[in-house]
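First up is the structure itself, then whatever we jot down about it.
The values are calculated or read from the model by the stated rules, or taken from the named source; none is laboratory data. Keep in mind the model is a prediction, meaning the values are calculated, not measured. Glycine gets a Cβ as well: all are built from the backbone with ideal geometry, and neighbour counts include every protein chain shown. All accessible areas refer to the heavy atoms of the entire protein, side chains included, with ligands and DNA or RNA removed. Shrake-Rupley method; radii C 1.70, N 1.55, O 1.52, S 1.80 Å.
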Amino acid sequence: MHALMQQFPLRVGRILDHAARYHPNRSLITRTVEGPISETSWSVVRDRALHVSQALNRMGIGRGDVVGVMAWNTARHMEVWYGVPGSGAALHTLNPRLFADQLVYVINHAQDKVLMIDADLVPLIEGIWDQLDTVQHVIVLTDEDHMPQTTLPDTQAYESWLLEVDGDFDWVKGDETDACGICYTSGTTGAPKGVVYTHRSNTLHALAINSADMLALSATDSVMPVVPLFHANGWSLGYSAPMAGASMVMPGRDLSPAALYEMLEHGVTVTAAVPTIWLMLLNYLETEQKRFSTLNRVAIGGSSCPRSVIERFQNTYGVRVLHAWGMTEMSPVGTLCSFKPEVLELPEEARIDVQETVGHPPFTVDLKITDDAGNLLPWDNATQGRLWTKGAAVVERYLHADRSATDSDGWFDTGDVATMDPNGYVRITDRSKDVIKSGGEWISSIELENAALDHGDVAGAACVGMPHPVWNERPVLVVVRKPGRTPEAADILASVASRCANWQLPDDVVFVDELPHTATGKISKLRLRERLHDMNYTLPTAD
Ligand code: ADP
């Protein structure tokens, strides 16, 4: 029997239509790349996004093409965010912090035909221009007055380019399963891999993120994505905020604590970023004796959120922490920590214990943990296993790959190791390649790092396994001290000992001035191991 409901392809243009039609006056406040703070609305963003779609079509760009966008979080970026898919093309987010050879690789691999870039990033593209195989045009996201001198051929200022069309246009029609966006994993393990989102997966994912036990965005919220739109699909905020009719505040490129605080005070109620950003902001608030006027929740993910960050936000500033986990391959959100009834009835301290987990999945995401042989493991809050996922917005195959990224039952191996509790709360204990294997047991590097960060004199901590003749591997803790503080190894180990079993305690503490980071701001364990190797480091217990 045929169903008798309307065909309503889930295309992302509908999200902006909804925002512009039913929430036209909700504002987008931006710290522009040119400097001043500007304000616009969803109806204006939609109008200009339609100009972008039309202007791209006029250039011959449409279905099957890819447009690379390298830009900070601004209202213009939101216009392009919808204008590119609205032209029928796919929007490829580019991270300006990638190494030059990685940028060349991803632009060529995705076959970007047009690049749309912020004015300050022009020199970066000039530096790699000779190596780009497919790019034909460059649009600089500014006006004629702010157009930089450039050696790039075929380059135009965005504002003049938009004026070449009249905006009398509608989103290009297509299937909901057409490519909408492309985001590459940051390539911490080998070459970056392209994840191609569909209109449908982005729409369903944004609906899931907006559900009540997830971000629960609403028209009364004002959302500031500190996480760049070019990281992991911008954590979906570019879709979920307009879908909810929320306002947005866009911080531009200045992510210093003072600049972020200034933007948060433009009425922001919800914000999102990786833990390092919040550590810096919390220190700034403490030193400057400032408080938030409107902020009530902060989503934290990308790497594990230390307990002290949760406590400081909630206890000192009354801002609820939403600890989340996900990955580029999951669009990206997999879980978020909100309270089920079993958690609500716990005392405050025990609830914070639960907030150290990354919570539970929304509808559309399915999870399981297994041993290395693929056997299901129990959800007993203790047994660690490989974390697998299936879902409406989970990768099936990487761009140009000749085989599936999933197993024969459609499960994708996240590469993370986790425990789950009987209520479905997930605790990420490691990435499988970083797990420390000591005498047949797994030691969680994340737990040891978080325990070290609880010591008041520690600014940064990373734990890696080092070869050991008896135990195979033993943990060593690499620590950056806070300026002016001089804790000894024994002090830090004493503090860590209160949070782990004796046999899990690191064998050594190595002090360094800074830890190596990836292009998405995570600690690079790969480079850290290389550094220890270059130092000819051996465990004191290995003799
Ligand atoms: P990349 O793999 O390129 O670094 P992603 O942003 O896709 O980029 O990273 C996803 C990974 O980040 C996850 O597989 C997980 O290891 C880690 N991660 C994300 N959120 C958390 C979290 N809340 N706690 C611990 N690890 C996390």
> How many residues, within the stretch 99-118, are open to solvent by 10 Å² or more (accessible area, probe 1.4 Å) and in contact with a helix residue (DSSP H, G or I) (Cβ under 6 Å, 6 or more places away or on another chain)?
Replying inline: 2
> If you take the residues of the stretch 271-298 that are open to solvent by less than 10 Å² (accessible area, probe 1.4 Å) and among the aliphatic types (A, V, I, L, M), which of them is farthest from the ligand (Cβ to nearest atom)?
Replying inline: Leu285
>> Only one of Gly318, Gly301, Gly334, Gly326 is modelled with pLDDT of 95 or more and away from the ligand (no atom under 16 Å from the Cβ). Can you tell me which?
In response: Gly318
> Could you give every pair whose Cβ atoms fall below 7 Å, whose first residue belongs to the stretch 174-190 and is at pLDDT 75 or above and polar (S, T, N, Q), and whose second residue is within 14 Å of the ligand (Cβ to nearest atom) and open to solvent by 40 Å² or more (accessible area, probe 1.4 Å), counting only separations of at least 6 or pairs across chains?
Replying inline: Thr185/Lys193
> Any idea which of (1) assigned to a helix (DSSP H, G or I); (2) crowded, with 19+ Cβ neighbours inside 10 Å; (3) not hydroxyl-bearing (Ser, Thr, Tyr) is the one Glu126 doesn't satisfy?
Replying inline: (2)
> Could you list, in sequence order, the residues of the stretch 342-360 that are more than 10 Å from the ligand (Cβ to nearest atom) and open to solvent by 10 Å² or more (accessible area, probe 1.4 Å)?
Replying inline: Glu342, Leu344, Glu345, Leu346, Pro347, Glu348, Glu349, Ala350, Arg351, Asp353, Val354, His360
> Among Phe313, Phe363, Phe339, which is the only one that is aromatic (Phe, Trp, Tyr) and open to solvent by less than 20 Å² (accessible area, probe 1.4 Å)?
Replying inline: Phe313
>> Quick check on this structure: which one of Thr185, Thr198 is closer than 20 Å to Leu50 by Cα and buried (at least 19 other Cβ atoms within 10 Å of the Cβ)?
In response: Thr198
> Can you tell me which residues in the stretch 345-404 are closer than 30 Å to Gln314 by Cβ and among the hydroxyl-bearing types (Ser, Thr, Tyr)?
Replying inline: Thr357, Thr364, Thr383, Thr389
>> Could you go through the stretch 433-452 and let me know if any residue there is open to solvent by 50 Å² or more (accessible area, probe 1.4 Å), free of Cβ contacts under 8 Å to residues at least 60 places away in the same chain and within 16 Å of the ligand (Cβ to nearest atom).
In response: yes
> In the list Asp407, Asp413, which residue meets the criterion of being free of Cβ contacts under 8 Å to residues at least 40 places away in the same chain and over 30 Å from Gln504 (Cβ atoms)?
Replying inline: Asp407
>> For the stretch 467-482: of the residues being assigned to a loop (DSSP other than H, G, I, E, B) and open to solvent by 70 Å² or more (accessible area, probe 1.4 Å), which is nearest to Lys437 (Cα to Cα)?
In response: Trp471
> Tell me, which strands (runs of 3 or more DSSP E) lie completely within the stretch 136-238 with 1 or more residues that are more than 27 Å from Ala273 (Cβ to Cβ) and away from the ligand (no atom under 16 Å from the Cβ)?
Replying inline: 137-140, 155-157, 179-184
>> Can you confirm whether Gly415 is within 19 Å of the chain's Cα centre (by Cα), within 29 Å of Glu473 (Cα to Cα) and either within 16 Å of the ligand (Cβ to nearest atom) or of a type in the set (Val, Ile, Thr) (or both)?
In response: yes
> When the stretch 202-242 is examined, which residues are found to be more than 17 Å from the chain's Cα centre (by Cα) and over 20 Å from Arg26 (Cα atoms)?
Replying inline: Thr203, Leu204, Ser211, Ala212, Asp213
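So that you can scan it fast, the table gives a plain yes or no per residue for (1) in contact with an Asp or Glu (Cβ under 8 Å, 6 or more places away or on another chain); (2) under 15 Å from Ala212 (Cβ atoms):
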{"position": "Gly302", "(1), (2)": "no, no"}
{"position": "His323", "(1), (2)": "yes, no"}
{"position": "Val333", "(1), (2)": "no, yes"}
{"position": "Phe339", "(1), (2)": "no, yes"}
{"position": "Ala350", "(1), (2)": "no, no"}
{"position": "Pro361", "(1), (2)": "no, yes"}
>> Among (1) within 16 Å of the ligand (Cβ to nearest atom); (2) farther than 23 Å from Asp534 by Cβ, there is one condition Ala519 misses while meeting the rest; what is its number?
In response: (2)
